[in-house]
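Here, each number is a calculation from the coordinates, and none is a lab measurement. Nothing here was measured: the structure is a model prediction, and the numbers come from that model. Positions of Cβ are generated from backbone atoms using ideal geometry, with glycine treated the same way; all protein chains shown enter the neighbour counts.
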Amino acid sequence: MSYLYPQCANYRNRCNHCNYRLLRPAGFTLLEVLLVLAIMAALAAVLLPQVMSGRDHYQLTRNVRDVASAMRMTRALAIKAQTDKTIQFNMDNKTFQVDGEKTRTIDEEINLEVLTAESEISEDGNRAGVRFYADGASTGGRVTLTLADDKRAIDVVWMTGQINILDNPDNQ
């Protein structure tokens with residue numbers, strides 16, 4: 001394998017005949033590769049904790065939106081059918097279900113609390129619900145979901161049945 005330009009046959013570092021430098025074979029040195037790997041490892045060590053904490057935030061947000069959506073659907077069904085509809089929360093297995101619909105699960109890392117009318121809590125305290133009436137009103141209440149230090153709540157206004165997501169429920 002010749003490292004010289006084709007027109008030159010001199011094998012020194014610099015060709016005196018045509019003043020071309022010798023060509024190096026293509027590629028990276030071991031030192032260059034190790035330096036790039038060290039920089040990538042340092043960036044990963046700095047950015048990984050931030051990315052993982054963001055993951056918890058989005059996991060909690062997704063669960064809060066699922067519950068709020070189910071509550072809004074329950075209210076709409078009650079108005080449409082002109083009859084009472086209830087969304088039930090099972091505290092033991094962290095599930096919720098709208099009357100006649102499939103049961104949905106809240107991620108097991110998330111803590112679930114339901115504050116509602118006493119008439120909507122089962123005798124064993126395992127199940128609690130929010131009832132929506134045919135006119136759109138409800139029994140009212142608050143469902144709070146907590147993951148690590150992040151806390152969100154879904155408020156249900158008893159008079160109107162309006163559902164509000166609270167990002168910082170302790171201050172409201």
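Once you put a point 7 Å from the Cα of Thr95 and another 7 Å from the Cα of Ser122, both along the Cβ direction, what distance in nm separates them?
Between Thr95 and Ser122, the label points sit 1.0 nm apart.
In sequence order, what are the phi-derived ³J(HN,Hα) couplings for the stretch 159-166 according to the Karplus relation 6.51 cos²θ - 1.76 cosθ + 1.60 with θ = phi - 60°, rounded to whole Hz, with x for glycine and proline?
Per-residue couplings from phi come out as 6, 10, x, 5, 10, 10, 9, 10 Hz.
According to the Cα gyration tensor, what semi-axes, each the square root of 5 times an eigenvalue, does the equivalent ellipsoid of the stretch 132-172 have, listed from largest to smallest in whole Å?
Ellipsoid half-lengths, sorted descending, are 24, 9, 6 Å.
For an R0 of 45 angstrom, estimate the FRET efficiency from the Cβ-Cβ distance between Ala42 and Thr86 and round to the nearest 0.05.
That pair, Ala42 with Thr86, gives E of 0.25.
Translational diffusion coefficient of the stretch 58-171 at 37 °C, 0.692 mPa s, Stokes-Einstein with Kirkwood Rh over Cα pairs, in µm²/s as a whole number.
Taking Rh from Cα pairs, D becomes 236 µm²/s.
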